[in-house]
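First up is the structure itself, then whatever we jot down about it.
The values are calculated or read from the model by the stated rules, or taken from the named source; none is laboratory data. Since we're looking at a predicted model, the values are computed, not measured. Note that we place each Cβ from the backbone using ideal geometry, even for glycine, and neighbour counts take in every protein chain shown. For the accessible areas, the whole protein counts, side chains as well, though only heavy atoms, and no ligand, DNA or RNA atoms are used. Shrake-Rupley method; radii C 1.70, N 1.55, O 1.52, S 1.80 Å.
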Amino acid sequence: MCGIVGYVGNGAVSDILLGGLKNLEYRGYDSAGIALNDNGKIDIFKAPGKLGNLYAEVEGKKLPASGGIGHIRWATHGKATADNAHPHLSNDGRLALVHNGIIENYKSLREELEKDGYTFYSETDTEAAVHLFEREYKKCGSLEQAVVAGVKYLKGAFAFCIMHDSEPDKIVAVRQNAPLVVGLGKEENYIASDIPAIVGKVQRIICLNDGEIAVVTRKDVKIYDFTGKEIERQPEYIGFNPEVISKRGYPHFMLKEINEQPGIVRHLLQDAYADGGEIPCLPKVNAGAAAKAERIEIIACGTSLHAAAVAGFVFEEWLKIPVSVVAASEYIYRRPLTNEKTLVIGISQSGETADTITAVKKAKETGAHILVLTNREDSSIVRYADSLLPLKAGIEVSVAATKSYTAQLTCLYLLGLMLAGHRQSLPAEELKKLRAELQHLPSKMENVLAESAKIKDCVEKLKNYRQMIYIARGINLATAMEGALKLKEISYVNANGYPAGELKHGPIALLDENMPVLAVLTPGSRIYDKMISNCEEAKARHAFLAGVTFDNDTEADRLFDLLLTVPAVAEEFSPLILNLPLQLLAYYVAAALGREVDQPRNLAKSVTVE
Ligand code: G6P
């Protein structure tokens with residue numbers, strides 16, 4: 001949700017800022033801008049729309065500078081216009097800042113500052129901060145002191161990079177409920193919302209904590225708390241190599257990430273069963289505490305919520321305790337029965353989703369054991385975790401989640417099996433059987449991906465529909481919901497997932513030859529025959545019928561207009577494999593329609609505002 005960068009040093013400042021923003025594009029692409037400090041003069045360049053527009057804006061210009069800040073925006077307050085684009089400049093033209101987050105009390109601040117004579121030029125919440133810091137600077141004449149004085153007035157979430165023309169070699173960075181990392185170089189230092197912006201540039205980083213201010217010059221970095229007291233922080237070594245953010249020859253990150261999935265599952269299984277036992281070993285999970293729970297609540301958003309739904313289904317089967325799955329944005333405003341006997345599982349690929357963080361924080365206050373699944377062990381959500389389950393999917397660049405979903409499912413299966421082992425809620429024989437089934441998944445997934453050309457060929461039959469219904473029952477209802485979400489997100493086709501049994505209670509009114517229905521089937525399961533009946537009902541209403549099923553399905557062929565098959569697996573694990581054709585279908589439809597697959601309109605990869 002917006003990305004910010006800062007740089008001080010001898011490098012080509014504008015190129016470094018633009019390169020950093022390029023790697024943060026997954027955080028938003030409504031507008032972009034940079035501010036350069038050229039020997040005491042601040043120059044600002046900004047452009048609405050994608051980063052490419054800003055590249056065009058600065059192209060061919062000589063832009064000498066000793067430091068600068070940059071921003072990529074996902075609009076919250078105010079439309080995606082040049083006036084609302086960051087950086088914002090103070091009325092005296094001497095102080096510039098970029099911001100990620102929402103300043104909740106911006107209206108009252110704006111009124112106060114307008115009374116003090118400040119003029120506003122944008123509709124953003126951010127502009128209140130720039131005038132506030134100018135006002136405080138005028139009182140003390142020091143940028144860091146102005147920031148310490150100014151942050152006391154601010155409520156909400158904010159990560160800032162702030163600079164003043166009188167100190168061309170300095171950027172002050174602030175973190176409160178929005179991520180920020182400082183990269184330590186030699187005679188140069190970096191600031192960024194996330195590590196991809198500085199990967200390959202520095203070896204050492206300091207991840208700022210909430211309530212911290214970093215004063216960054218080319219020579220050194222000093223960290224202070226909001227009272228202005230200096231804090232000692234040890235840098236850590238960066239764990240990513242630049243290769244992780246390359247497309248490796250694929251036309252889009254999404255296709256690359258889809259193809260990485262079997263390898264991710266294989267590694268997770270290898271790690272969890274490295275000791276040769278039948279019960280997975282998850283070293284950062286406090287198994288004793290987690291297994292004692294009398295009920296489980298799983299909280300997540302978006303694709304992570306679909307992984308939660310699959311887990312909800314299998315956990316009840318395996319652990320024999322009640323499990324509820326709640327959208328984090330709803331959990332926040334409910335009065336759940338969470339207490340010390342509840343295991344609360346928060347799932348977030350980014351670890352920065354504001355709704356999920358707030359929900360997990362709320363659950364923690366009740367004394368529940370908090371178990372966090374995240375792809376980013378350095379993320380904000382981790383600080384609330386009593387137990388941690390890292391997804392180890394590698395950086396996911398495409399805004400539409402694919403490999404992180406598969407990693408979430410795999411980790412949740414492993415967690416369920418581990419808890420079942422500790423609670424002895426499944427017989428040892430069953431645990432052994434499930435383990436063996438799981439081990440076959442990666443190679444079966446590889447077989448599906450090896451045949452992706454077949455799915456590409458099917459796209460012609462589907463790409464011209466503007467709407468679509470996905471149906472399933474049982475454990476694969478989440479697969480249908482996720483498949484529909486994927487298609488909707490990246491192709492803008494109005495695809496919606498429904499429990500197949502609900503079709504007759506409303507959505508069936510939508511069916512005719514213009515409304516294809518895609519069914520997710522699991523032959524051999526107790527719901528298979530009911531699914532086939534629901535598909536017949538759709539067919540009788542002239543709907544084009546597409547299906548995803550196992551290759552041992554003997555019934556579906558006669559009924560479906562289009563059938564995609566995958567190798568048969570145990571029903572419990574079928575979401576892992578049935579999801580693959582749906583991801584590929586969404587991808588190829590979006591690509592055929594010429595959509596911006598990796599950066600769908602209006603979306604951002606991590607949504608750091610509620
Ligand atoms: C955004 C993304 C989705 C993602 C959701 C939850 O809406 O566009 O793809 O599933 O956030 O993200 P998280 O990082 O918490 O899993």
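Could you say whether any residue in the stretch 180-191 is under 20 Å from the mean Cα position of the chain (by Cα) and open to solvent by less than 20 Å² (accessible area, probe 1.4 Å)? Yes, some residue in the stretch 180-191 is under 20 Å from the mean Cα position of the chain (by Cα) and open to solvent by less than 20 Å² (accessible area, probe 1.4 Å).
From the list 191, 205, pick out the single residue that is touching a Cys at 6+ places or on another chain (Cβ under 6 Å) and either of a type in the set (A, V, I, L, M, F, W, C) or touching a residue at least 40 places away in the same chain (Cβ under 8 Å) (or both).
Unique residue meeting the criteria: 191.
Scanning the stretch 291-300 for residues that are surrounded by fewer than 24 Cβ atoms within 10 Å (Cβ to Cβ) and of a type in the set (A, V, I, L, M, F, W, C) turns up 291, 293.
Please state which one of 405, 413 is under 22 Å from residue 583 (Cβ atoms), surrounded by 23 or more Cβ atoms within 10 Å (Cβ to Cβ), at pLDDT 95 or above and more than 13 Å from the ligand (Cβ to nearest atom).
413
The set of residues in the stretch 307-354 that are among the β-branched types (Val, Ile, Thr), within 16 Å of the ligand (Cβ to nearest atom) and either assigned to a helix (DSSP H, G or I) or not assigned by TED's automatic domain parsing to the domain that holds residue 371 (or both) contains only 310. Tell me yes or no: at least one residue of the stretch 386-394 is among the small types (Gly, Ala, Ser), open to solvent by less than 10 Å² (accessible area, probe 1.4 Å) and at pLDDT below 95. Looking for residues that are among the small types (Gly, Ala, Ser), open to solvent by less than 10 Å² (accessible area, probe 1.4 Å) and at pLDDT below 95, one finds none in the stretch 386-394, hence no.
Step by step: first the residues of the stretch 355-385, then only those that are open to solvent by less than 20 Å² (accessible area, probe 1.4 Å) and under 24 Å from residue 104 (Cα atoms), then the one that is farthest from the ligand (Cβ to nearest atom). Which residue is that? Going through the qualifying residues, I end up with 363. In this entry, residue 199 is excluded by the filter for residues that are under 29 Å from the mean Cα position of the chain (by Cα), touching a residue at least 24 places away in the same chain (Cβ under 8 Å) and part of a strand (DSSP E or B). Which residue pairs have Cβ atoms under 8 Å apart, sit 6 or more places apart or on different chains, and have a first residue in the stretch 338-349 that is over 17 Å from residue 310 (Cα atoms) and a second that is away from the ligand (no atom under 16 Å from the Cβ) and hydroxyl-bearing (Ser, Thr, Tyr)? Between residues of the stretch 338-349 that are over 17 Å from residue 310 (Cα atoms) and residues that are away from the ligand (no atom under 16 Å from the Cβ) and hydroxyl-bearing (Ser, Thr, Tyr), the close pairs are 338/366; 339/366; 340/366; 342/366. Regarding the stretch 559-579, can at least one residue be identified that is within 16 Å of the ligand (Cβ to nearest atom), in a helix (DSSP H, G or I), in the same structural domain as residue 482 (by TED's automatic domain parsing) and within 30 Å of residue 399 (Cβ to Cβ)? Within the stretch 559-579, one or more residues are within 16 Å of the ligand (Cβ to nearest atom), in a helix (DSSP H, G or I), in the same structural domain as residue 482 (by TED's automatic domain parsing) and within 30 Å of residue 399 (Cβ to Cβ).
Among the residues here, residue 271 does not qualify as part of a loop (DSSP other than H, G, I, E, B), out of contact with any helix residue (DSSP H, G or I) (no Cβ under 8 Å at 6 or more places or on another chain) and not assigned by TED's automatic domain parsing to the domain that holds residue 11. The sole residue among 19, 28, 9, 40 that is within 25 Å of the chain's Cα centre (by Cα), surrounded by fewer than 23 Cβ atoms within 10 Å (Cβ to Cβ) and not charged (D, E, K, R) is 19. Output the residue which, of all residues in the stretch 140-170 that are under 28 Å from the mean Cα position of the chain (by Cα) and in contact (Cβ under 8 Å) with a residue 60 or more places away in the chain, is nearest to residue 610 (Cα to Cα). Looking at residues that are under 28 Å from the mean Cα position of the chain (by Cα) and in contact (Cβ under 8 Å) with a residue 60 or more places away in the chain, I get 157.
Taking the listed residues 97, 109, 132, the one that is open to solvent by less than 60 Å² (accessible area, probe 1.4 Å) and touching a residue at least 60 places away in the same chain (Cβ under 8 Å) is 97, with no other qualifying.
For residue 607, all conditions in the list (1) β-branched (Val, Ile, Thr); (2) open to solvent by less than 10 Å² (accessible area, probe 1.4 Å); (3) within 16 Å of the ligand (Cβ to nearest atom) hold save one; what is the number of the exception? Result: residue 607 passes all but (2).
Among the residues of the stretch 435-494, which ones are under 22 Å from residue 261 (Cα atoms), touching an Asp or Glu at 6+ places or on another chain (Cβ under 9 Å) and in the same structural domain as residue 582 (by TED's automatic domain parsing)? Hits for the stretch 435-494 are 475, 476, 490.
Among the residues of the stretch 351-367, those that are among the small types (Gly, Ala, Ser) and either in contact with a helix residue (DSSP H, G or I) (Cβ under 8 Å, 6 or more places away or on another chain) or at pLDDT 95 or above (or both) comprise 351, 359, 363, 367. Only a single item in (1) touching a Phe, Trp or Tyr at 6+ places or on another chain (Cβ under 7 Å); (2) assigned to a helix (DSSP H, G or I) is not met by residue 174, and it is number (2). Filtered by the rule that a residue be in a helix (DSSP H, G or I), open to solvent by 20 Å² or more (accessible area, probe 1.4 Å) and among the charged types (D, E, K, R), the stretch 245-268 gives a lone residue, 266.
Take the residues in the stretch 73-88 that are in contact with a strand residue (DSSP E or B) (Cβ under 8 Å, 6 or more places away or on another chain) and over 13 Å from residue 54 (Cα atoms), then tell me which one is surrounded by the most Cβ atoms within 10 Å (Cβ to Cβ). The qualifying residue surrounded by the most Cβ atoms within 10 Å (Cβ to Cβ) is 88. Only one entry in 540, 509, 546 is in the same structural domain as residue 477 (by TED's automatic domain parsing) and in contact with a strand residue (DSSP E or B) (Cβ under 9 Å, 6 or more places away or on another chain), namely 546.
Going by what's in this entry, would residue 483 be described as closer than 30 Å to residue 604 by Cβ and of a type outside the set (A, V, I, L, M)? The answer is yes for residue 483. So which residues in the stretch 445-471 are hydrophobic (A, V, I, L, M, F, W, C) and more than 18 Å from residue 402 (Cα to Cα)? Answer for the stretch 445-471, where residues must be hydrophobic (A, V, I, L, M, F, W, C) and more than 18 Å from residue 402 (Cα to Cα): 453, 458, 459, 462, 468, 469, 471.
The rows are residues; the columns are (1) open to solvent by 60 Å² or more (accessible area, probe 1.4 Å); (2) closer than 28 Å to residue 435 by Cα.
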| position | (1), (2) |
| --- | --- |
| 483 | no, yes |
| 492 | yes, no |
| 497 | no, no |
| 500 | no, no |
| 509 | yes, no |
| 515 | no, no |
| 520 | no, yes |
| 535 | no, no |
| 562 | no, no |
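Within the stretch 407-422, is there a residue that is free of Cβ contacts under 8 Å to residues at least 60 places away in the same chain and not in a loop (DSSP other than H, G, I, E, B)? No, that holds for no residue.
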